[in-house]
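Down below is the structure, laid out as structure tokens.
The values are calculated or read from the model by the stated rules, or taken from the named source; none is laboratory data. Everything quoted here is computed from the prediction, not taken from an experiment. Neighbour counts are summed over all protein chains in view; Cβ atoms, including those assigned to glycine, are modelled from backbone coordinates with ideal geometry. Side chains are part of the model used for accessible areas, which takes the heavy atoms of the whole protein and leaves out ligands, DNA and RNA. Shrake-Rupley method; radii C 1.70, N 1.55, O 1.52, S 1.80 Å.
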Amino acid sequence: MARPPLVISVQSQVVHGHVGNSAALFPMQAAGLEIAAIPTVIFSNTPDYPTLRGAPVAPGLFADLLLGAEERGLPQRAAYLMSGYIGSVEVARLVADFVARCKRANPALIYICDPVMGDHAPGLYVPEEIAGVMRDGLLPLADIATPNSFELGHLTGHPIVTLEDLRQAAAGLRLAPGARLIATGCELQDTRRGYLETVILGPGGLSRHPTPHIPVALPGTGDLFAGLVVAGLGKGRPLPDAVELAQDLTGRALDHARRIGAREVVLFEPGFRRALLEI
């Protein structure tokens, strides 16, 4: 039997809750993908609790983990490499170097960059220097980028209000040739009331994907969405279909969290879990 697609996922890890790899790994694994998870930080929980334990992974240890992945030949075997939250500028630079090495070793590798930096309510929650590495070091290597509308506006210096704003932002990101931008959480001037949109821009043009707005803002939402997009791609779905799938299942998880009063994304709702097996 052929092995399933391998995903190298470089993101945060928490003990309690579901953000970063703690949100993205389960749906990808449930969909039948093989995952190699590399943590950028190891925290007890998200920073919105009264206490936060743990720390960013030390650069020396992080570099050693990357070396171990390369010694096992993971970049050559991987179909996808994704990156998310990064807790220090030194690790951000190491991630950029790692992505470049992986793409040289495996030109067919698809790199998905989720430039996790902030959102409209909290604003920017990483140091500006990390945002700069994402803008100048990681996004130019990306085949697919998944910023939310706040992150896209911050990266380009222009708020995202219209489709033309999105087109100009996509051009200003300097993504890899042929790359596709997935702009999430967009509320444009002509977006239907009560909805948010995900907009895909790339060589094939532009497509809009509205979804009902669920009135909660929970940590891990974007990480879950990105993981579900990769799950869909890994199972052979075209990108627009993978985005629609990710929106539907992320919305389901958010609505369940809202109904039970959870403080972050939850992944145990039975219908959500069944749907993952059918991707």
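Which value in deg cm²/dmol, rounded to the nearest 500, describes the helix-derived mean residue ellipticity at 222 nm for the chain, given -39,500 (n - 2.57) per DSSP H run of n ≥ 4 and division by the residue count?
Using -39500 (n - 2.57) per qualifying helix, the result is -12000 deg cm²/dmol.
Length, then width, then depth: along the principal axes, the Cα atoms of the range 18-106 run 43, 32, 16 Å. Split the chain at each of the trypsin sites (Lys or Arg not before Pro) in a DSSP loop with at most 15 other beta carbon atoms within 10 Å, and the longest piece is 73-173. Over the range 6-274, accessible surface divided per residue gives 42 Å², non-protein components excluded, 1.4 Å probe. The alpha carbons of the chain stretch over 51, 45, 40 Å along the principal axes, in descending order. Applying the Kirkwood pairwise sum to the alpha-carbon positions of the range 195-279 produces a hydrodynamic radius of 13.3 angstrom. Solvent-accessible area of the chain (1.4 angstrom probe, protein heavy atoms only): carbon and sulfur portion equals 55 percent.
When only C-alpha pairs under 8 Å and at least 6 residues apart count, what is the relative contact order of the range 6-274, in percent?
17
At q = 0.13, 0.17, 0.18, 0.23 Å⁻¹ the log10 of I(q)/I(0) for the range 111-193 amounts to -0.36, -0.62, -0.69, -1.11, computed by Debye summation with a single uniform scatterer per C-alpha, solvent ignored. Rounded to the nearest Hz, the phi-derived 3J(HN,Hα) couplings of the range 202-209 under the Karplus curve 6.51 cos²θ - 1.76 cosθ + 1.60 (θ = phi - 60°) are x, x, x, x, 10, 9, 10, 9, where x marks glycine and proline. The chymotrypsin sites (Phe, Trp or Tyr not before Pro) of the range 177-279 that DSSP puts in a loop, and whose beta carbon has at most 13 other beta carbons within 10 Å, are PHE268.
So for the chain: antiparallel DSSP bridges make up what percent, rounded to the nearest 5? About 45 percent, rounded to the nearest 5. Taking a ≥ b ≥ c as the square roots of the Cα gyration tensor eigenvalues, with a/c under 1.5 meaning rounded and otherwise prolate when a/b beats b/c, else oblate, which class fits the range 128-279? Here the range 128-279 falls in the prolate category.
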